[in-house]
Amino acid sequence: MPEQPNLTAKKALRDYLLSYLEVRYQTALRSSEIARASAADKANVAENKYDTLGTEASYLADGQAKRALACLDDVNAIKGMSVINFKLDDAIVIGAYIQLVDQDQQFLCLFLAPVSGGLKFHYNDTDIMIITPQSPLGHCLLGKFVDDEFYFGEGAHKKHFIIQSIN
């Protein structure tokens, strides 16, 4: 069974996620600046009505700027997320570190965050996946407690899970 994080470890986990998202934001910001410079470059001025390079560069710059803003929103959402210590009888809410065990005794470690669902990373010898309340699994887990059992998935992919711990 993977180790349970204490409050300090959960803050470190949040900070690790935050640093990842900040790098992603900086990368998106640089891409946006490069795309904007390309769109404004004299080499991209249309030479005839069929030359769309300048228009395409403008669309790319607009898309990259929107992506950078979305990345910044993710950073701010994680910065504003409270890190709380859960008690045994607390229900799952945003900020919960959840350990599930399936019918094959395989562990799944999840961190319920407001953004960045689907992000997977290795942290302190544990594979962790970020889920959001909007995801099917996150929605299913909200409000559940330690030792609750549930089925998730469809058909051959349907699995039986037990909530091993919430922290």
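The values are calculated or read from the model by the stated rules, or taken from the named source; none is laboratory data. In this text, all values refer to a predicted model and were calculated from it rather than measured experimentally. Reconstructed Cβ throughout: ideal geometry from the backbone, glycine too, with neighbour counts over all protein chains shown.
Counting only strands (runs of 3 or more DSSP E) that sit completely within the stretch 51-167, those holding 2 or more residues that are over 23 Å from residue 11 (Cβ atoms) and not assigned by TED's automatic domain parsing to the domain that holds residue 11 correspond to 97-102, 149-152, 159-166. Please tell me if residue 144 is surrounded by 12 or more Cβ atoms within 10 Å (Cβ to Cβ) and more than 17 Å from the chain's Cα centre (by Cα). Taking the combined requirement at face value, the residue satisfies it.
If you go through the stretch 86-100 and keep only what is surrounded by fewer than 12 Cβ atoms within 10 Å (Cβ to Cβ) and in contact (Cβ under 8 Å) with a residue 12 or more places away in the chain, you end up with 88, 89. Among the residues of the stretch 146-167, which ones are among the hydroxyl-bearing types (Ser, Thr, Tyr) and without any contact (Cβ under 8 Å) to a residue 12 or more places away in the chain? Selection gives 151 alone.
Quick grid of which residues meet (1) on the phi < 0 side of the Ramachandran plot; (2) out of contact with any strand residue (DSSP E or B) (no Cβ under 7 Å at 6 or more places or on another chain); (3) modelled with pLDDT of 95 or more:
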position	(1), (2), (3)
50	yes, yes, no
57	yes, yes, no
96	yes, no, no
100	yes, no, yes
119	yes, no, no
123	yes, yes, no
135	yes, yes, yes
149	yes, no, yes
157	yes, yes, no
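Residue pairs whose Cβ atoms lie under 9 Å apart, separated by 6 or more positions or on different chains, with the first residue in the stretch 132-145 and more than 18 Å from residue 119 (Cα to Cα) and the second of a type in the set (A, V, I, L, M) and not in a loop (DSSP other than H, G, I, E, B), are 142/112; 144/98; 144/163; 144/166; 145/163; 145/166.
Taking first residues from the stretch 74-85 that are free of Cβ contacts under 8 Å to residues at least 60 places away in the same chain and partners that are in a loop (DSSP other than H, G, I, E, B) and of a type in the set (Ser, Thr, Tyr), the Cβ contacts under 6 Å between residues at least 6 apart in sequence or on separate chains come to 74/116.
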